[in-house]
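Working notes for the structure below.
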Amino acid sequence: MDYSDHLRRLTVDGDISDADDAPDLDERTLSLVRLGALVCVAAAESSIRKEVDSAVAAGASPAQIVAVLDAISPIVGRPR
C-alpha cells in the first residue's frame, strides 16, 4: 500500500471511503484511538460509552482507557 497516497486522500481530499480499513491496527488499539478521537470532538456520551465498551471487548484494560484520556487531556482539556 502506498501510505503517502492514502494519507493525502484522507487529509487533503477528504476521502474517507475506506477509513474503516485499518489493517495495521489491532481491534484494541483501534478502539482506543477512536475513543480518543470521540473525546477530542466532544462526541455524545452514548458514542463515547459505546467505544469504551468496544475497547473493553477488544481487551483494553480500565488502566489503558484512563491512560488514553490522560494522554489527550493536555491537548483537549478537561470536561467543562
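Screening the candidates 30, 25 for the property of being within 14 Å of the chain's Cα centre (by Cα), loosely packed, with under 15 Cβ neighbours inside 10 Å and modelled with pLDDT under 95 yields one hit, 25. Considering only residues that are of a type in the set (S, T, N, Q) and under 17 Å from residue 26 (Cα atoms), which ones fall in the stretch 63-80? Of everything in the stretch 63-80, just one residue is of a type in the set (S, T, N, Q) and under 17 Å from residue 26 (Cα atoms), namely 64. The residues in the stretch 39-62 that are closer than 20 Å to residue 26 by Cα and either touching a residue at least 60 places away in the same chain (Cβ under 8 Å) or open to solvent by 70 Å² or more (accessible area, probe 1.4 Å) (or both) can be counted, and the count is 6.
The values are calculated or read from the model by the stated rules, or taken from the named source; none is laboratory data. Computed from a predicted structure; not experimentally measured. Because the Cβ atoms are built from the backbone with ideal geometry, glycine has one as well, and the counts that use them run over all protein chains shown. Side chains are part of the model used for accessible areas, which takes the heavy atoms of the whole protein and leaves out ligands, DNA and RNA. Shrake-Rupley method; radii C 1.70, N 1.55, O 1.52, S 1.80 Å.
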